[in-house]
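Input: a single structure, listed below in structure tokens.
The values are calculated or read from the model by the stated rules, or taken from the named source; none is laboratory data. Model, not experiment: these values are computed from the prediction. Cβ: placed from backbone, ideal geometry, glycine included. Neighbour counts: every protein chain shown.
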Amino acid sequence: MAACFSFSSTLNSCFRRSFSRAGLKSITTDLCDGTIVHCWAPKFRRDTKPNLLLLHGFGANAMWQWNKFVSPMIRFFNVYVPDLIFFGNSYTTRPERTESFQALCMMRLMDSLDVQTVNVVGISYGGFVAYSIAAQFPERLEKLVLCCTGVCLEEKDMADGMFVVKNIDEAANILLPQTPAKLKELIRLTFVKPARFLPTFIINDFINVMCTEYKQEKEELIKQLLKDRTLSNLPKIDKTTLILWGDQDRVFPLELANRLKRHVGEKAELVVIKKAGHAFSAEKPREMYKHIKAFLTTNPTLSPSTNSPFCSV
């Protein structure tokens, strides 16, 4: 069975059908500099709806991250769900590996689709890219949602023992698992209640389908995130921002959420989701969707001095 059936490939097919039924189409855009970006975009865009850009994390491609959210969100927004560079069907021959380059590619994609302004939601690594969009293209961004994204980490944090891993190579080995043991370690690290049993053939299949392509390039993305990173060099942004975090996140500890809230300042609101880890998009999708929808569909700018509905839950 394992030799002739791929569970991960089958899920990919199911997700493609799900995205299509929700009203999205698969498009591939050549940015004409050696960069190809794949994106799910509206089959029929409605100018009366705001635009929403959903950026996935490091764990998989856009479909795996956002499958539970596309159908409800498309009722309120023109939804765009790209694969970041070196994920899914997006790639580049260029040497850049920074989140600022990823952000530039995403906005060039929006240009190609004639999208002028967007709301952006980024999960984990996608949050690094989303923050960079806010810093580089403030005039194009309406509201920003950052989910469990350690954008305020510093290079010295790892040496100081903030993280479970001791160095960047160890982090890469977990985030890009090549063995069943490493994938199980990643699951334990990201979920509060990980699955107790996963068949070996499913684990191996996931690794083969999802974790082997562009492995070197993804390692370079991870290393670039940490290189010479200091909070003092992180650009300030001036956008209404919702920060979502799991209270038991072991990838990016809650201290980074508080640090991010202080860094963004009065225009940021922090929501801490209880009994949730780094993968709260999978563990608590209803809570996550509830907060994102309320935030993006509410017009007034959030302020700590107001009676905000976005208190910790």
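Worth a mention:
- Within region 235-249, at least one residue is basic (Lys, Arg) and more than 17 Å from the chain's Cα centre (by Cα).
- Which numbered condition residue 13 misses (of (1) of a type in the set (Ser, Thr, Tyr); (2) farther than 23 Å from residue 117 by Cα; (3) assigned to a loop (DSSP other than H, G, I, E, B)): (3)
- Residue count for region 209-243 satisfying the condition of being under 21 Å from residue 121 (Cβ atoms), aliphatic (A, V, I, L, M) and in contact with a Phe, Trp or Tyr (Cβ under 9 Å, 6 or more places away or on another chain): 5.
- For region 173-261, the helices (runs of 4 or more DSSP H) that sit wholly inside it and include 1 or more residues that are free of Cβ contacts under 8 Å to residues at least 40 places away in the same chain, at negative phi and surrounded by 15 or more Cβ atoms within 10 Å (Cβ to Cβ) are 180-190, 200-210.
- One residue from 108, 97 being over 19 Å from residue 13 (Cα atoms), buried (at least 18 other Cβ atoms within 10 Å of the Cβ) and touching a Leu at 6+ places or on another chain (Cβ under 9 Å): 97
- Residues satisfying the stated conditions in region 25-56, i.e. on the phi > 0 side of the Ramachandran plot and either touching a strand residue (DSSP E or B) at 6+ places or on another chain (Cβ under 8 Å) or modelled with pLDDT of 95 or more (or both): 34
- Subset of region 91-114 (residues that are in a helix (DSSP H, G or I) and not aliphatic (A, V, I, L, M)): 99, 100, 101, 102, 105, 108, 111, 112
- Flag if residue 240 is more than 30 Å from residue 290 (Cβ to Cβ), of a type in the set (Ser, Thr, Tyr) and at pLDDT 90 or above: no
- Options 31, 53: the member that is surrounded by 14 or more Cβ atoms within 10 Å (Cβ to Cβ) and out of contact with any Phe, Trp or Tyr (no Cβ under 8 Å at 6 or more places or on another chain): 31
- Selection status of residue 269, closer than 20 Å to residue 133 by Cβ and acidic (Asp, Glu): yes
- Test: residue in region 117-133 that is part of a loop (DSSP other than H, G, I, E, B) and touching a strand residue (DSSP E or B) at 6+ places or on another chain (Cβ under 6 Å): yes
- Within region 43-58, residues that are more than 30 Å from residue 215 (Cα to Cα) and in contact (Cβ under 8 Å) with a residue 24 or more places away in the chain reach partners that are of a type in the set (Val, Ile, Thr) and surrounded by 15 or more Cβ atoms within 10 Å (Cβ to Cβ) with beta carbons closer than 6 Å, at six or more positions or on different chains, in the pairs 51/115; 51/118.
- Residues located in region 136-165, provided they are of a type in the set (Lys, Arg) and exposed (fewer than 15 other Cβ atoms within 10 Å of the Cβ): 156
- Filter result (of a type in the set (Val, Ile, Thr) and farther than 22 Å from residue 96 by Cα) within region 121-171: 121, 145, 164, 165
Residue-by-condition table, conditions (1) modelled with pLDDT under 95; (2) under 21 Å from residue 256 (Cα atoms); (3) part of a helix (DSSP H, G or I):
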site	(1), (2), (3)
270	no, yes, no
281	yes, yes, yes
291	no, yes, yes
294	no, no, yes
299	yes, no, no
304	yes, yes, no
308	yes, no, no
312	yes, yes, no
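- Scanning region 141-170 for residues that are of a type in the set (A, V, I, L, M) and modelled with pLDDT of 90 or more turns up 141, 144, 145, 146, 151, 153, 162.
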